Amino acid sequence: MKTDEEYIKRLENIIDKQDALLSQLDAKFEQQDSLSEAIIKQNNYLKEDNQKHKNLTRDMNKTVIQQKNVVAKLKKELEEQLKIQQKLHKDYGDVIKQLTDDLEEEQNKNEELTKKQKELESEIRKLNMDLTNVRNTVGNIGSDNSLNNSLDTTDSSKTYKCPNCGVEVQEGYSFCDSCGTKL
């Protein structure tokens, strides 16, 4: 900016000096009017150039101010976008935490249900063993055939072989009594 002002001042000084020279030359050399007119024309060109330069400098200053405003606006928008992104990251973290907590809760429920299922299957095995003992006792007594027949109808459930160990497992069981394989 200083160099522009210095340049303008120098141009103005040059113009002032030329005006002084022209005045002196006009007084001394009136016969050289044609030469003076040429110098005046050149002086006018310099003034026009000086004015153009001033206009360009003014336009450049306006452009710089506009660019600063655009940069400030973009910076503000960027900061807003960053805030939105940070909020989204926080919300995403909250959702992940909630999903993790829900998954852990479901896993705990599944573990409890599996434990309860094993307890029930154990109870069923125990009851089946008791039923077998009762049948054996009734078979040993052998006195009441109708009781044997009614017990035989409850025992007529189908059995399947475990695909893992080959032990016979009654229909309706979810796990093998011997190896625990899910059926």
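The values are calculated or read from the model by the stated rules, or taken from the named source; none is laboratory data. Quick caveat, the model's predicted, so the values are computed rather than measured. Neighbour counts are summed over all protein chains in view; Cβ atoms, including those assigned to glycine, are modelled from backbone coordinates with ideal geometry.
Quick one: in the range 28-49, of everything that is modelled with pLDDT of 75 or more and farther than 30 Å from residue 4 by Cβ, which residue is farthest from the chain's Cα centre (by Cα)? Talk me through it step by step, then tell me what you get.
The first filter runs over the range 28-49 and keeps only residues modelled with pLDDT of 75 or more, leaving 28, 37-49.
Remaining after also requiring farther than 30 Å from residue 4 by Cβ: 28, 37.
Details: 28: 85, 37: 75 Å.
Per the criteria, the residue is 28.
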Legend entry - Verdict on residue 46 being in a helix (DSSP H, G or I) and touching a residue at least 12 places away in the same chain (Cβ under 8 Å): yes
Legend entry - Inter-residue pairs, beta-carbon under 6 Å, first in contact (Cβ under 8 Å) with a residue 12 or more places away in the chain and small (Gly, Ala, Ser) and in the range 156-183, second in a loop (DSSP other than H, G, I, E, B) and loosely packed, with under 12 Cβ neighbours inside 10 Å, 6+ apart: 157/171
Legend entry - Filtered residues of the range 140-178 (kept if more than 60 Å from the chain's Cα centre (by Cα) and at pLDDT 70 or above): 140, 141
Inset, instruction - With respect to residue 69, determine if the residue is part of a helix (DSSP H, G or I), modelled with pLDDT of 95 or more and of a type in the set (S, T, N, Q). - result: yes
Legend entry - Qualifying residue in the range 55-65 (condition: surrounded by 10 or more Cβ atoms within 10 Å (Cβ to Cβ), of a type in the set (S, T, N, Q), under 25 Å from residue 12 (Cα atoms) and in contact with a helix residue (DSSP H, G or I) (Cβ under 6 Å, 6 or more places away or on another chain)): yes
